[in-house]
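Heads up: the structure comes next, in structure tokens.
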Amino acid sequence: MLYLIFVRLAGWMALLARSSASKDAELLVLRQEVAVRRRQNPRPKLDWADRAMLAALARLLLTHGRVQEAEESMKLIEDASIKDGQHLVDVPGSAAITIMPEKEHGYLTLLRLILHTYPRRAILGGSLMITQSFLYNAIFFTYALMLTKFYHVSNDAVPLYGLAFAVGNLAGPLLLGQLFDTLGRRKMISGTYLISGVVLAFSSWLFDAGVLHAAGQTFIWIVVFFFASAGASSGYLTVSEIFPVEIRAEAIAVFFAIAQIFGALGTIFYGALIGNGTDRAGLTIGYLIGGGVMIIGGLVEVFLGIDAEGKLLEQVARPLTAVASEA
């Protein structure tokens, strides 16, 4: 743990120490590499991830006054979409906005928005990011202890159980992801948080009663992670879309850092609560707290959630560089 913390801090310090000139030089090198590759393959085949990335970058190019490059990126996306047989609908004039490129917006701008413009959204983003970290800590820091101490699983077999609920952790976002756009953000985010929290809290009662065995406990973990992983992913999604596009990166970085701080505190808390792992009471309380905190995150989403499905990012949060609407 100390090693990982040291590596992360060293990486941050290295980034902070880099001058603007070195960053500009690296960008020039990358642009030259892209230009060379375009000459080799002028019409690359774009998948959905490429299109999403280019669309996000085009927004940033516009807000920084680089209109021609933004138009080239969008034309590349549109041409690839038409080639794949998609029908593109013209954007109505009522959806157009006028922007005035400004200087770069940093963390002070984000702080101002959090305190004055979007305090409810800040509470929402922080709650979703922090609560999911507590649920994950409740299981990740106890599952091996529980399997070996109470279910008498050999140390060599523990990774196999971990692999089982890792499958659930992966399957959740894959199978539930599209529902966040069809059923809606608020329903799916609150639902995944509430279900995973309730199931974990219920499992603590079953564990304390001594009615579970290793396979049953693992199955419950799979169910918890199936919903919790989709919910946790939506926490990052929420933070990335409820703040203006110019400071999305800063918002993700700040709220992720806050979640990691609380996650680190969670390890200390759970370590003191569990002790040597010989008493079921400590583990039971730990699971109850992890589930309860996750339920709180779901309730915050119910009351403060943003219905962002099917909307442009500019409709969810007005760009900082927007000066007027052309409607």
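Derivation of every value follows stated rules applied to the coordinates shown; laboratory data play no part. If you're wondering where the values come from, they're calculated on a predicted model, not measured in any experiment. In this analysis, Cβ positions are derived from the backbone assuming ideal geometry, glycine residues included, and neighbour counts consider all displayed protein chains.
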Could you state the number of Å between the C-alpha centres of the range 163-206 and the range 207-246?
5 Å
Quick one: which residues, 5 or more positions from Ala322 or on another chain, have an amide H under 5 Å from its amide H? H modelled 1.01 Å from N in the peptide plane, none for Pro or chain starts.
Met100
Charge tally for neighbours of Leu113 with beta carbon under 12 Å away, counting Lys, Arg as +1 and Asp, Glu as -1, is +3
Interchain or long-range residues, amide H under 5 Å from Ile97's placed H
Glu326
Between His116 and Met74, what is the label-to-label distance in nm when each label sits 7 Å out along the Cα-to-Cβ direction?
3.0 nm
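With a ≥ b ≥ c taken as the square roots of the eigenvalues of the C-alpha gyration tensor of the range 118-230, please select rounded if a/c is under 1.5 and otherwise prolate if a/b is larger than b/c or oblate if it is not?
Numbers: a/c = 2.28, a/b = 1.90, b/c = 1.20.
Since a/c reaches 1.5 and a/b is larger than b/c, the shape of the range 118-230 is classed as prolate.
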Order of 307-317, 240-250 by packing, highest average Cβ count within 10 Å first?
240-250, 307-317
Is the range 245-318 rounded, prolate or oblate when judged by the Cα gyration tensor, a ≥ b ≥ c being the square roots of its eigenvalues, rounded requiring a/c under 1.5 and prolate requiring a/b larger than b/c?
oblate
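Chymotrypsin sites (Phe, Trp or Tyr not before Pro), restricted to the range 208-306: which are DSSP loop and have at most 13 other Cβ atoms within 10 Å?
Here no loop site has a sparse enough neighbourhood.
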Neighbourhood net charge (13 Å Cβ-Cβ; Lys/Arg +1, Asp/Glu -1) for Leu304:
+2
Arrange the following residues from fewest to most other Cβ atoms within 10 Å of their Cβ: Leu320, Leu200.
Leu320, Leu200
